[in-house]
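I have placed the structure first, in the form of structure tokens, so that the comments after it can refer back to it.
The values are calculated or read from the model by the stated rules, or taken from the named source; none is laboratory data. Note that this is a predicted model, so its numbers are computed, not measured. All Cβ positions, glycine included, derive from the backbone under ideal geometry; neighbour counts span all protein chains shown.
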Amino acid sequence: VLDIESSEKAGRFVRFCDAFNIPILTFVDVPGFLPGVEQEHGGIIRSGAKLLYAFCEATVPKITLITRKAYGGAYDVMSSKHIRGDINLAWPSAEIAVMGPEGAVNIIFRKELTKAKNPEKKRAELVEEYRKKFANPYIAASRGYIDDVIEPSTTRARLINSLEMLSNKRDTNPGKKHGNVPL
């Protein structure tokens, strides 16, 4: 879970790596941003935006591996294809979706669940259906959000190959007077 402190720490780390031309390898298992009034009043949106800004502005090679959960905005800010991640890989165990299957089913199928004779059994069926239809890495790959779904045993070789492929990467951001970092 990303909270205020972890978002700011990760943002600083990304900017540090970019400043010294160090490639960024991101392992993703993020179910979302930490909910709660304390986080909201403390500035979780601003802190998350700092992490997003750091990844967007970074010009070093950015390789992402999704190992398990990658939900919603927290997935987007973790060097996804949506923000110029160079290579995005996922294990077959990855779940990539707007929100987790359990939460999505509780919201989307609320009426069906209240009418069901056995709500727990129906919920389990719907969660499994949601996982198959929406939250699996093969769907994300078919939409271009993931470059490849890889077996965990091939991870090391694929990451090494990705780093070698990107070793000559030259990327520049568009010219501007200054950035607009979230303050």
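The table below lists the values:
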| quantity | calculated |
| --- | --- |
| Residues of the range 21-57 classified as surrounded by 15 or more Cβ atoms within 10 Å (Cβ to Cβ), under 16 Å from the mean Cα position of the chain (by Cα) and of a type outside the set (Val, Ile, Thr), total | 16 |
| Search result, residues across the range 53-93 that are part of a helix (DSSP H, G or I) and free of Cβ contacts under 8 Å to residues at least 60 places away in the same chain | 54, 55, 56, 72, 73, 75, 76, 83 |
| Output for the range 146-166, where each listed residue is of a type outside the set (Asp, Glu) and exposed (fewer than 12 other Cβ atoms within 10 Å of the Cβ) | 152, 153, 156, 157, 160 |
| The range 94-118: number of residues that are within 24 Å of residue 153 (Cβ to Cβ) and without any contact (Cβ under 8 Å) to a residue 40 or more places away in the chain | 0 |
| Criterion violated by residue 143 - all others in (1) among the charged types (D, E, K, R); (2) outside the structural domain of residue 79 (by TED's automatic domain parsing); (3) closer than 28 Å to residue 26 by Cα; (4) surrounded by fewer than 12 Cβ atoms within 10 Å (Cβ to Cβ) satisfied | (2) |
| Output for the range 110-123, where each listed residue is part of a loop (DSSP other than H, G, I, E, B) and either of a type in the set (S, T, N, Q) or at pLDDT 95 or above (or both) | 118 |
| Residue in the range 99-108 that is under 13 Å from the mean Cα position of the chain (by Cα), at pLDDT 95 or above and crowded, with 19+ Cβ neighbours inside 10 Å present | no |
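Let's see how each residue does on (1) over 17 Å from the mean Cα position of the chain (by Cα); (2) assigned to a helix (DSSP H, G or I); (3) without any contact (Cβ under 8 Å) to a residue 24 or more places away in the chain:
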{"site": "130", "(1), (2), (3)": "yes, yes, no"}
{"site": "135", "(1), (2), (3)": "no, no, no"}
{"site": "140", "(1), (2), (3)": "no, yes, no"}
{"site": "157", "(1), (2), (3)": "yes, yes, yes"}
